[in-house]
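Some notes on the structure that comes next.
The values are calculated or read from the model by the stated rules, or taken from the named source; none is laboratory data. Note that the coordinates shown come from a computational prediction; the quantities given were computed from them, not determined experimentally. Every residue, glycine among them, receives a Cβ derived from its backbone with ideal geometry; neighbour counts consider all protein chains shown. Accessible surface areas use protein heavy atoms only, side chains included; no ligands, DNA or RNA. Shrake-Rupley method; radii C 1.70, N 1.55, O 1.52, S 1.80 Å.
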Amino acid sequence: MLPSPKLKPIYDDIVWLHVYNDFKEGDADRAATRIRIRFSVSSWPQLLLVDPYTLEVVGETGRQVDGFLKAVQNTKIKPPKYAKAEELLKKLKEGEELASELETKPSAKAAKKALESEDLVARFRAVEYFGKEDPKELVAKAGELLKVKNDLLRYEVCKAIKNAGEKVTFTDEVVTQLEDLVRDPKDSRNPNVLRSYAIGALALCGDADSLEAIKPHAVEGAANNGTTGTAVDAIGQIGKRVDDAKAPAAQILLDCFIESTGGNEDAKQIEWYAGMARRIAEKAHAHLQELTGKKVDFPKDYNEQTRADLRKAFEESVKEMVEKAEKANKRKKKR
């Protein structure tokens, strides 16, 4: 797209910035990463129009010349007064310096300062630091940070929650926000990845109510979608962590022996898909064995017949678990 002569009339109307990561973690690479974090870019190529004064994304152009031209022509930037521009530049410089310090000389003192910063990249680096070193520092801020419309920051919060495990208790508000992101990953440029991170976090902090948010992605997901396996594992982990989630989790896992063909008819495509479906089924099988206490051999070949056999092997045990849980719930209500 960029070499197109159609773009010549706007060459001087905008400042062009090419952001390139070589992933060697040198100064230039870290600077490029900070730009990607700031503008919520976790997949590429992306073409964005940015207000140079506020650093707000004011247009997403797509990758076609005509769409790019239209987006540029429809975008008008009003420069702020000089003093305001100077103030914004000063804040950006402070945020960049704080983030850069955490990249090269990380410390709890700098991370605490960055966590309170207005700068998004500084906060990202603080979450990254505390996620590894002391997740308890994030409990009070996690709910606020999950509301920020930035994929990379929300990914990092989810990773921190997952890394914290059961050593740290996050609030009901955080659990609810994660469930909402699973149902509808709003304001995301990479919604499937954001959903997957949120599901992974719920595996460690979610409860029985979280199962319903995760269920569609475990039961209806395709074998070649990485979120499917993450969802199946989360269902199993919540079932093992939370007593009143054990029976409903097992019931959901019965439906996670997903179709082995993926609707394909070509023999090579079926073989390709069946290999991925098998890995999902193996996850469901392992979790069901732990939840039910029943040992069932996984078949050598995963196909529609062995898929049905696996489900049947666990059905009676799961039914007993559900009935037992229902009786216990009735007793609780009577009390």
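A compact table of results
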read-out: Magnitude of the charge dipole, the stretch 127-236, Cβ model with Lys/Arg +1 and Asp/Glu -1, debye to 20; value: 320 debye
read-out: Surface share of carbon and sulfur [accessible, 1.4 angstrom probe, percent] for the stretch 170-276; value: 43 percent
read-out: Karplus 3J(HN,Hα) series, Hz, for the stretch 104-109 with 6.51 cos²θ - 1.76 cosθ + 1.60 (x for Gly, Pro); value: 10, 9, x, 8, 4, 4
read-out: Where the stretch 130-263 is the region considered: accessible area per residue in Å², 1.4 Å probe; value: 41 Å²
read-out: Top positive-direction residue, dipole computed over the chain with Cβ charges, set TRP16, GLN46, LEU202; value: LEU202
read-out: Alpha-carbon centroid distance for the pair the stretch 197-232 / the stretch 135-158, whole angstrom; value: 19 Å
read-out: Pairwise label distance in nanometres, LEU55 with ASP12, each label 7 Å out on the Cα-Cβ vector; value: 3.0 nm
read-out: Positive-end extreme of charge dipole, the chain - chosen from PHE130, SER317, VAL168 (charges on Cβ); value: VAL168
read-out: Burial order of peptide ranges 216-228, 314-326, 272-284 (average beta-carbon count within 10 Å, highest first); value: 272-284, 216-228, 314-326
read-out: Environment charge of GLU166, counting only residues whose C-beta is closer than 15 Å and scoring Lys/Arg +1, Asp/Glu -1; value: +3
read-out: Phi-based couplings in Hz for the stretch 267-284 (Karplus 6.51, -1.76, 1.60; Gly and Pro marked x); value: 4, 5, 5, 5, 4, 4, 6, 4, x, 6, 4, 4, 5, 5, 4, 4, 5, 4
read-out: Nearest-20 debye value, the chain charge dipole, Cβ charges on Lys, Arg, Asp, Glu; value: 680 debye
read-out: From phi via Karplus (6.51, -1.76, 1.60), per-residue ³J(HN,Hα) for the stretch 130-140 in Hz, x at Gly/Pro; value: 5, x, 8, 9, 7, x, 4, 5, 9, 4, 5
read-out: Residues with amide H under 5 Å from that of VAL58, placed H, sequence gap 5 or more; value: LEU49, VAL50, ASP51
read-out: Per-peptide average of other Cβ atoms within 10 Å, ordering 201-208, 83-90, 130-137 highest first; value: 201-208, 130-137, 83-90
read-out: Centroid-to-centroid separation of the stretch 271-288 and the stretch 7-79 [C-alpha atoms, Å]; value: 41 Å
read-out: Per-pair calculated FRET efficiency, R0 = 45 Å: VAL65 and GLU259 via Cβ, rounded to 0.05; value: 0.60
read-out: Virtual spin-label span in nm between ASP172 and ARG30, 7 Å along Cα→Cβ; value: 4.3 nm
read-out: Ranked by how many other beta carbons lie within 10 Å on average, peptides 179-186, 241-248, 149-156 from highest; value: 149-156, 241-248, 179-186
read-out: Relative contact order (%) - the chain, alpha-carbon pairs under 8 angstrom, separation at least six; value: 9 percent
